[in-house]
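A quick write-up on the structure given underneath.
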Amino acid sequence: MSVWDDVVGQEPAVEVLKRAVESAQAVLAHDDSAGAQTGMTHAWLITGPPGSGRSNAARAFAAALQCPDGGCGQCHECQTAMSGAHADVSLVATEHVQLRVSDVGPLIGVAQRSPSGGRWRVIVVEDADRLNDSSGNMLLKAIEEPPPRTVWLLCAPSADDVLVTIRSRCRRVGLRIPPVDQVAELLVRRDGADPAVAAFAARSAQSHIGLARRLALDEGARIRRREVLRLPQQLRSVGAAVVAAGQLVEVAAEESKATTAERDAKEKAALLHSLGAQGLATLPPAIRAQVKQLEENQKRRATRANRDVLDRALVDLLSLYRDVLVVQLSGPDGPAVELVNAELAQEIAAEARHRTPDVTVRRMEAIGQARERIEANVSPLLAIEALMVQLRTV
Ligand SMILES: [Zn+2]
């Protein structure tokens, strides 16, 4: 067993990180001045498509750096580093659209401190692509002059998503899309999923590990996905298309609310507690301002969660038309690649017979356009309505 076990389908990247851990061990075995000579890298950029396991890989690397055995996966150092409880490993994620100066600022101070356990101080920034100019510049200064035992692990979808000044100072490690069967195997081994459900989930999620996990463990998520895939059959008139759009937006709102509401309430209670204002009927103005700030942050986070859920639904829909196109373009022996939605093979075959590949491509383009509009802050309902009408008419 080791911390790398759950970093599935990433053998080349894991090799690079393991070698770095060995060199880090060598640095610790000598004095600090040896660090400069062996060239232990203080800033890493881990890139990979969404769901490929970037933050998982970063945590495993952090654990391996803290572990006396280079990542045994069993000792206290490994386990606390993986769970986020290690005193010398700071994990920073954001659900805001951007990482702001107020998010990054506290890290700069932490980065200057020596590790309490005497090995490394590791700071994981999960969404380095969300740094803005001011928070990015702040981080850059810290990366430029790192204390000898501080290691920065930045994660982003691709190097192009990170400010050029930052990425030029980082050593890059790229993750790839893991194979479907390895993702399924991970869901069985790590999450105790049923093998058949895990295979379905990994295939439906197109190897996106986080989505596959949710599909494998949450029946509600499986039902919602099926509803999304059934939408195209309901588009018999413009009126029906508008109704379908409304349903989709509503389902997305419900799902994102379910995921954020509980945490929102906890955060608010914790804030009131820390301000000593629990149970007060009327809040003093200074406290009211802080509560208002928190509520505004939560509202922004909810907007983002809502857009993410909607985008996922559109990716599911896209996978359906991708399957139709695969069937339309395949020869008499049938499709050469596996369908993402194999359980809908009959419906997909029928759709493929009734339309031309040209129509399918136009529909896929319409979905891409809707995703871009939502990303650009167009009202989700407007963007989805326009999409549903297009899917009906093209
Ligand atoms: Zn260990």
On a full-extension model of 0.36 nm per residue, what is the gain between Glu15 and Arg353, subtracting their alpha-carbon distance, rounded to one decimal in nm? 117.0 nm
For Arg226, the net charge from surrounding residues (Cβ-Cβ under 12 Å; K, R +1; D, E -1) works out to -1
A chain fully extended from Asp160 to Ala261 at 0.36 nm per residue, minus the present Cα-Cα distance, gains in nm 33.0 nm
Would you kindly give the portion of the calculated P(r) for the range 51-190 that falls above 22 Å, as a percent of all Cα pairs? 41
Need the list of lysines near Lys257 for cross-linking: C-alpha distance under 29 angstrom, and skip anything on the same chain fewer than eight residues off. Lys266, Lys268, Lys292, Lys299
Expected field for Glu219, accessible surface area in Å² at 1.4 Å probe radius, rounded to 10, holds 110
Measure of size requested: the Rg and Dmax of the range 212-309, with Cα atoms as the atom set and Å as the unit; please supply both. 18.9, 58
Applied in sequence order to the range 82-89, the curve 6.51 cos²θ - 1.76 cosθ + 1.60 (Karplus, θ = phi - 60°) yields integer Hz couplings, x standing for Gly and Pro, of 5, 7, x, 9, 6, 5, 9, 10
Fully extended, how many nm does the chain gain between Gln346 and Val378 (0.36 nm per residue separation, minus their Cα-Cα distance)? 8.0 nm
Estimated [θ] at 222 nm from DSSP helical runs (n ≥ 4, -39500 (n - 2.57)) normalised by residues in the chain, nearest 500: -20000 deg cm²/dmol
Computed over the range 155-225, protein heavy atoms only, probe 1.4 angstrom, the accessible area per residue in square angstrom equals 48
With a 10 Å cut-off between alpha carbons and a GNM built on the chain, which of Gly51, Gly117, Gly210 moves the most? Gly117
Can you give the Rg to Rh ratio for the chain, taking only C-alpha atoms and Rh from Kirkwood? 1.01
Using alpha carbon centroids, what distance separates the range 72-125 and the range 147-208, in Å? 19
Probe radius 1.4 Å, ligands and nucleic acids ignored: give me the carbon and sulfur share of the accessible area of the range 292-378 as a rounded percent. 50
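The values are calculated or read from the model by the stated rules, or taken from the named source; none is laboratory data. None of these values were measured; they are calculated from a predicted model. Every residue, glycine as well, gets a Cβ built from its backbone with ideal geometry; the counts of neighbours run over all protein chains shown. Just the protein is used for accessible areas: all its heavy atoms, side chains included, with ligands, DNA and RNA removed. Shrake-Rupley method; radii C 1.70, N 1.55, O 1.52, S 1.80 Å.
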